[in-house]
Protein chains: 4
Amino acid sequence: MSATEFSLEIHPRFTETDGLGHINNTVIPVWCEAARTPMFEIFNPELDLNQWNLIVAGFTVVFLTPTYYGKSVIVKTYVSRIGNSSFELTQSCWQQGVKTAEVKTTLVHYDYRSEKSQPIPEDIRQILASLNGEGA
Amino acid sequence: MSATEFSLEIHPRFTETDGLGHINNTVIPVWCEAARTPMFEIFNPELDLNQWNLIVAGFTVVFLTPTYYGKSVIVKTYVSRIGNSSFELTQSCWQQGVKTAEVKTTLVHYDYRSEKSQPIPEDIRQILASLNGEGA
Amino acid sequence: MSATEFSLEIHPRFTETDGLGHINNTVIPVWCEAARTPMFEIFNPELDLNQWNLIVAGFTVVFLTPTYYGKSVIVKTYVSRIGNSSFELTQSCWQQGVKTAEVKTTLVHYDYRSEKSQPIPEDIRQILASLNGEGA
Amino acid sequence: MSATEFSLEIHPRFTETDGLGHINNTVIPVWCEAARTPMFEIFNPELDLNQWNLIVAGFTVVFLTPTYYGKSVIVKTYVSRIGNSSFELTQSCWQQGVKTAEVKTTLVHYDYRSEKSQPIPEDIRQILASLNGEGA
């Protein structure tokens, strides 16, 4: 793991396989959400659900090759774009050295009470910039 | 469906299969929770999450035969026990006329603010009694 | 529902909510997979897992507004692109007349034994064309 | 972890919370299945789906207190009964030193081709006996 990205090891769960004998396509967004925990902590250090301040605007998943049961998966996460109130994460899933999927997710700094997006505070922006794997 | 039970038709989802080619065992509690919606409405007619007043104390699942993808499943729900603050639901899953699983769930009428169980109100108790498939 | 699209009614499950009180973002791909069943049947009328011949190449989800518990959701599906061996589905989720999410999924006609994509047969191509909501 | 049990650390996923702000009741069986991986490996060292030889006969879940997001959970697993072809696992979930749930699962050594239960082989029986937390 480089200094500019997060990494999470996932042990695929039996229930995450499907009748084709590999990990179902809908599971990859679940793993990527799990791998975003360190990003959530940057915005909400105690992971307090009552202080939640991020919302998912959308995501794109590209499958490169199937992911299998019985071998661990590494999900790597870096910041690929920083906007005014939103930012994009690029995440990749790796199994036995092979990249199996790539996910780009746009998250918005959001106030759930006013239901409005909020500018990313400067201190957080600097942390995101340090996780920016491909020049901002 | 008899007058004393609820019934929900489920179309098994592809992602609910597992590598053995049938519905994964962890999915049955999910379907049974879905089939409890009419029970939730008895306690909380608008299904308002801020007024939620039931908590699951536990459940038991018995698998009789595998459940398969591609054929609908009927989940039947009746009240099998009514206590002071808790009650038990018995639910069964049927696919092509075969009973595949049976689930017994104990639910408690609960105040999430005081974190205390509450007696079941008399009007709700009478509704539950009318859904009591096997003599109270 | 127009003649050129499929429609599935979903009753959001309690377990599909998250700590923010609405449907978690990872659930939308699950619903859209469920809503693709009629497409699966075009390629595999008995939904036989041993004859499965489609693979997901990727998908994009855009969230427009939160989806809530307690109100049904309609998932509409139409064919938005037909290629040689792949095609794209555009799906939208509607709750109380409001479009909450849009998903575009690329599926490939695939031979799991040879692990190779296969041209879409002409008879299936004609069926897909009839479901093509926006001029091929 | 004592010599006679397995232990798995789980990081609760955001999607595993529900609208009440804690981990949904249907998630506990999923975690317990994940924590059974070392048991699966005893019966099927490569976790080969084509050689799978265990089936779940049933399980019972008791919830003691809610499980929350943001703090890791330890799932402890030991063998609580060994029969001729079946055995029972007792699993408990612990969060910050508090036991939140207990699950008892009956698994059967099973031949998926003949669809029949099989006696537990003697070498495996001895391994299970060594994981037997409460005198056989």
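Is any residue of segment A:77-103 close enough, with backbone N under 14 Å, to a label point placed 7 angstrom from the Cα of A:Lys71 along the Cα-Cβ axis, and if so, which?
Label zone hits: A:93-101.
Filter A:Lys99/B:Lys71; A:Lys116/C:Lys104; A:Lys71/A:Lys99 down to the pairs with a C-alpha to C-alpha distance above 24 Å, please. Intermediate results must be reported in sequence, preceding the final value.
Working: A:Lys99/B:Lys71 35 Å; A:Lys116/C:Lys104 26 Å; A:Lys71/A:Lys99 13 Å.
In this structure, A:Lys99/B:Lys71; A:Lys116/C:Lys104 lie more than 24 Å apart at Cα.
Shortest first and in nm to one decimal, what separations exist between D:His11 and its copies in the other chains, measuring from label points 7 Å along the Cα-to-beta-carbon line?
1.5, 3.6, 3.7
Per the Kirkwood formula on distinct C-alpha pairs, the Rh of segment B:43-88 is how many angstrom?
Averaging 1/r across every pair of different Cα atoms and inverting gives 14.3 Å.
By count of other Cβ within 10 Å, fewest leading, how are B:Thr26, D:Thr4, A:Thr15, A:Thr60 ordered?
Fewest-to-most Cβ neighbours within 10 Å comes out as D:Thr4, A:Thr60, A:Thr15, B:Thr26.
Just to be sure I understand: chains B and D are related by a rotation, so which residue of B has its Cβ closest to that axis, and how close in Å?
Residue with the nearest Cβ, plus whole-Å distance, for chain B: B:Thr60, 2.
Could you size up the charge dipole of chain A around its Cα centre, putting +1 on the beta carbon of Lys and Arg and -1 on that of Asp and Glu, and report it in debye to the nearest 20?
The dipole of chain A has a size of about 320 debye.
If you take the charge dipole of chain D about its Cα centre, with +1 on Lys and Arg Cβ and -1 on Asp and Glu Cβ, which of D:Asn44, D:Asn132, D:Pro66 is farthest toward its positive end?
Going by the charge dipole, the pick is D:Pro66.
Regarding the protein assembly as shown, what's the average projected area of the Cα-atom convex hull, expressed in nm²?
Numbers: hull surface 108.8 nm².
Approximately 27.2 nm², given one-decimal rounding.
Determine the shielding of peptide B:49-59 by partner chains: average, over its residues, the number of Cβ atoms on other chains within 10 angstrom of each Cβ.
5
Rounded to the nearest 0.05, what FRET efficiency do C:Tyr112 and B:Asn84 give with R0 = 45 Å and r taken as the Cβ-Cβ distance? Could you check?
Once the sixth-power term is evaluated, E becomes 0.20.
Along Cα→Cβ at 7 Å, what distances in nm separate the C:Asn44 label point from those on the other copies, shortest first?
Going from nearest to farthest copy, the values are 1.9, 3.7, 3.8 nm.
Based on Cα positions only, what radius of gyration and what Dmax would you give for segment C:40-136, in angstroms?
For segment C:40-136, the Cα-based Rg and Dmax read 15.2, 45 Å.
For C:His11 and C:Leu64, what is the calculated FRET efficiency with R₀ set at 25 Å and r taken between the beta-carbons, to the nearest 0.05?
That gives a FRET efficiency of 0.75.
Where a number appears in this text, it was derived from the coordinates with a stated rule and is not lab data. None of the values given here were measured: they were computed from a predicted structure. Counting neighbours? That spans all protein chains shown, and the Cβs are built from the backbone with ideal geometry, glycine included.
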